[in-house]
1. Largest first and to the nearest Å, give the Cα extent of segment 12-75 along each principal axis.
2. Just rank 37, 73, fewest to most, by other beta-carbon atoms within 10 angstrom.
3. Between residue 9 and residue 47, what is the label-point separation in nm under the 7 Å Cα-to-beta-carbon projection?
4. Suppose a student asked you for the relative contact order of segment 3-106, using Cα pairs under 8 Å spaced at least 6 residues apart; what percent would you report?
5. Sorting 45, 81, 29 on the 10 Å Cβ count, fewest up front, what's the list?
6. Within segment 9-37, name every residue whose backbone N is under 19 Å away from a label modeled 7 Å from Cα of residue 82 along the Cβ vector.
7. Between residue 72 and residue 24, what is 0.36 nm times their sequence separation minus the Cα-Cα distance? Round to one decimal in nm.
């Protein structure tokens, strides 16, 4: 398991602990049913906060203040980790695929890593070797002619 996968697992476990703890707390202290407790947890973690369900007890309000900071932080951490996974895993595979498609369609290559500017991270646009055109070694297609009689 690589680091990004471990981080995703860790963030999901944290979110599950927060959801479970908050749901049980609101069910017991506020007297809400399970669905309302989960609904309130989701509205709070996602920062939607409809305001249709609010805690009325002093303990519920104090817990909500604490929970809001922790829950939103864990939610944003999960988004960050999923973004890292997308960048490290999915984007590299997509880039390889698009390089293949670009070569097939336009007969041009993307720059090699040594052709990328080390300071700016962009290709050397003035360098003529940036786009290396290649010629296919195929026979030209013959045009079909219709025989008119």
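Only the coordinates and a few stated rules stand behind these numbers; no lab work does. Source: prediction; values computed, not measured. Every residue, glycine among them, receives a Cβ derived from its backbone with ideal geometry; neighbour counts consider all protein chains shown.
1. Sorted largest first, the three principal extents are 27, 19, 19 Å.
2. Ranking 37, 73 by Cβ neighbours within 10 Å, fewest first, gives 73, 37.
3. Here the modelled spin labels are 3.0 nm apart.
4. It rounds to 33 percent for segment 3-106.
5. Placing the least packed residue first, the sequence is 29, 81, 45.
6. 9-20
7. 15.4 nm
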